[in-house]
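The values are calculated or read from the model by the stated rules, or taken from the named source; none is laboratory data. Predicted model, so just to flag it, every value in this text is computed and none were measured. Every residue, glycine as well, gets a Cβ built from its backbone with ideal geometry; the counts of neighbours run over all protein chains shown. Note: areas computed on protein heavy atoms with side chains; ligands, DNA, RNA excluded. Shrake-Rupley method; radii C 1.70, N 1.55, O 1.52, S 1.80 Å.
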Amino acid sequence: MIAVRHSVCALDCPDACSLLVTIEDGRAVKLRGNPGHPVTQGFLCAKVSRYLEREYHPERLLHPMRRVGAKGEGRFERISWDAALDEIASRLNGIAEEFGPEAILPYSYGGTLGYLNGSGMDRRFFHRLGASRLDRTICATAGAAGLTQTNGVRYGTEPEQFRHSKLILAWGANILGTNVHLWPFIVEARRRGARLYTIDPVMRRTGRLADRHYFVNPGSDLALALGMMHVILGERLHDTGFVQQYSTDFDKLRQFVTKYPLERVQALTGIGQEEVAALAREYATTRPTVIRLNYGVQRSERGGAAVAAIAMLPALVGSWREVGGGMQLSTSQAFHVNREGLEMPELQKSSPLGWEARLVNMSLLGHALTELDDPPVKALFVYNSNPADVAPNQNAVKKGLAREDLFTVVSEQFQTTTADYADIVLPATTFLEHTDLYFAYGHYHIQMARPVVAPPGECKSNVEMFRLLAKRIGFKEACFEESEDEMLAGLLNSGHAFLKGIDLERLDREHSVRLNVGSPFLPFAEGNFGTADGKVSLNPEPLEYQPPVESRLGAEDLRMMFPLELITPKNDDSMNSTFGNRAEQDRETAVLYLNTADAGPRRIESGDQVRVFNARGSMVLRAEVNGVTAAGVVASPAVRWSRKAADGRGSNVLTAERLTDIGGGPTFYSCLVQVERCGD
Ligand SMILES: Nc1nc2c(c(=O)[nH]1)N[C@H]1C(S)=C(S)[C@@H](COP(=O)(O)OP(=O)(O)OC[C@H]3O[C@@H](n4cnc5c(=O)[nH]c(N)nc54)[C@H](O)[C@@H]3O)O[C@H]1N2
Ligand SMILES: Nc1nc2c(c(=O)[nH]1)N[C@H]1C(S)=C(S)[C@@H](COP(=O)(O)OP(=O)(O)OC[C@H]3O[C@@H](n4cnc5c(=O)[nH]c(N)nc54)[C@H](O)[C@@H]3O)O[C@H]1N2
Ligand code: SF4
Ligand SMILES: [Mo]
């Protein structure tokens, strides 16, 4: 029996691809991009085109297990689901009684973007328990806060419109690596004469293929945006009509940017005055022009303000008016589902706590596990995430995870570094094995996926796992009995115009449905920003630029000891640590890119083993001396499974728990290090 079934890629990627899976006698034998989908366009990224390897990998976790070795050692024995559920229920109950339920901390992030398995039954369960709430900041909250400050809402230009653009700025956006389905639209635009410029301290595949690359100093994008505004407003290249009708605080901004003359901007950003001026003029006078801003910019200390400032540019030049104009950081807020109904925060009132639980920032996990008090974290429940490798300050995180008095549950598909620290490991399904509904953060199509293959072994979906746990722990509310379809019907029933006419039946029939956003979607062509007054906010008050503490212009004591700025960007053929079991992942994340100016004085040549270190930790990498970074900046693709690395470490031994200016995000890319040749 051969059949072709629809599915959706659940990985944490803006593209949310529509998949076609060929099933032969119950087994998936082929996976490809749906040619009928307007964004997927029949192809997949390199990593997921091989996803069936992962699906049927001999190392998939298939049964619940209990730890028998030391924490971190990775020795386990098989147990039954019954035994696992009993033990988890009794330990969580015991901890809640002794320390209060806030001593229990859930930890989840981007393993799946599905609504149900990403933020469904799990949220209900932890709310009813009265557990600490997790502030899910590790990726995008600084940018979200910055974008909201300016536009009041988090959506923008749809990818399908990039084909009409004449100038595309990829700003902290490694499109070919992390958002490859935007690329065909850029190719089409370039065929019609468009130019592509990249702004990034690291020049990788996208930068190499661009018409021009700007090596911006890490974390200095705010200064660059202010410099561009200085030119645009100083030379009156802005769209006076748009600004008058649809913005507030224009005069204040115009005054403010006079403080950023181009000499100052050059000193801060490393980009020459003439280049900044030319870029600003070209940006303001080319029509239409679009910015693909991605999250690279906001993983630095002033990242929130940088996003707020960059988001002002399309308003100043009026490019929101045009098809192929504007800016995209995320499209996610257009998916106006009934999240409250799904997550049921009101259940906290019937928890033993009786009120809203404390919020623990996931980007400060090391701190939370080693220093948090009143109450301390006594139980950690991890799913959809691998914090031992992805969270900053890895040494602190692992120190916390190694605590004998911490009860840790990890639900996983594979034995990750975090799973090595678990007391109980539970086997999880993949997106090919469970029902879910998907939003996207890089387009406007909502998509439905039913299981296409049966779960192997005793794997259970997150929904089923938390349903069973709720029962075991004794929760009586009907919401814990709901089926997937009941949860989805509630989720879709938000009454919002963007979702009108989109119900389960239609999603099951069509698999992917474009939101009712109008075609073409020009969200702010006539104002309609998400701010209280509907206007774009040009308020400059939060925009004063200060170089990151951890930068070559930052704190003197730090930069004297650790003079190089380290960027650990996404690995092109991976997905954070998700494919950490692959040998390619080990190879690609074992490299440190250096500029000759930094390698020379250290007598480092390509192929040398080098020690990269700062006060938080150190790791050994293989040097590659090339033109990928400017002098003073080094880069190493993230994130590997440190459990497999010879030195047992990953790039987050080096990164700090310092947070961004707004949004409480991590500052992965504001990180000073020193590098030396091993043996020196
Ligand atoms: N192949 C692949 N795709 C992925 C992922 C993956 O791991 N691998 N991860 C997914 C996830 S979780 C996310 S959030 C997205 C992220 O997608 P992107 O935001 O595109 O990825 P990043 O690597 O975080 O950052 C993008 C670029 O910003 C640059 N950058 C770093 N610091 C600065 C800075 O201060 N200024 C400027 N202008 N640029 C800077 C980096 O060098 C990098 O090239 O990608 C998703 N897609
Ligand atoms: N140095 C450095 N660190 C970074 C970054 C960086 O650029 N540099 N990027 C940061 C960013 S942007 C992000 S988003 C985070 C990502 O951090 P995470 O969201 O933790 O991402 P992954 O490492 O991909 O881990 C996801 C895990 O979820 C599991 N999983 C997948 N589906 C399911 C499921 O249905 N159920 C269960 N129970 N498990 C499932 C997968 O097997 C995988 O091990 O990393 C951050 N860390
Ligand atoms: S990771 Fe992204 S590009 Fe690759 S298949 Fe999934 S959604 Fe598509
Ligand atoms: Mo992310």
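Quick rundown of the values:
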quantity	calculated
Cα centroid separation - region 647-680 against region 278-342, whole Å	27
Cα gyration tensor shape of region 556-677, rounded if a/c is under 1.5, else prolate or oblate by comparing a/b with b/c	oblate
Relative contact order (%) - criterion: Cα under 8 Å, at least six apart; region: region 2-55	25
Highest to lowest packing among 437-449, 330-342, 96-108, scored as the average C-beta count within 10 Å	437-449, 96-108, 330-342
Relative contact order (%) - criterion: Cα under 8 Å, at least six apart; region: the chain	21
Nitroxide proxy distance, nm - points 7 Å out along Cα→Cβ at residue 251 and residue 237	2.5
Cysteines in the chain lacking a second Cys C-beta under 4.7 Å	13, 45, 139, 459, 479, 671, 678
Dimensionless Rg/Rh of region 37-79 - Kirkwood Rh, Rg from C-alpha atoms	1.28
Two-site label geometry, residue 97 and residue 606: point separation in nm, points 7 Å out along Cα→Cβ	6.5
Sites residue 30 and residue 573, calculated FRET efficiency, Cβ-Cβ separation with R0 22 Å, nearest 0.05	0.65
Per-residue [θ]222 nm for the chain (sum of -39500 (n - 2.57) over DSSP H runs n ≥ 4, rounded to 500)	-8000 deg cm²/dmol
Portion, in percent, of the accessible area of region 243-308 that falls on carbon or sulfur, probe 1.4 Å	48
By average C-beta atoms within 10 angstrom, highest first, the peptides 235-243, 190-198	190-198, 235-243
Rounded if a/c under 1.5, otherwise prolate or oblate - region 1-158, Cα gyration tensor axes	oblate
Modelled FRET efficiency - R0 30 Å, residue 66 with residue 355, Cβ distances, 0.05 increments	0.30
Relative contact order (percent, whole number), region 115-230, Cα cutoff 8 Å, 6+ residue spacing	17
Calculated P(r) of the chain - Cα pairs past 47 Å, %	14
Accessible area per residue in Å² at 1.4 Å probe, computed on the chain	35
Carbon plus sulfur fraction of accessible area for region 1-112, probe 1.4 Å, in percent	49
Cα-only radius of gyration and Dmax that characterise region 2-55, units Å	10.7, 32
Prolate/oblate/rounded label for region 141-329 (Cα gyration tensor, a/c 1.5)	rounded
Percent accessible area from carbon and sulfur atoms, region 556-677, protein chains only, probe 1.4 Å	50
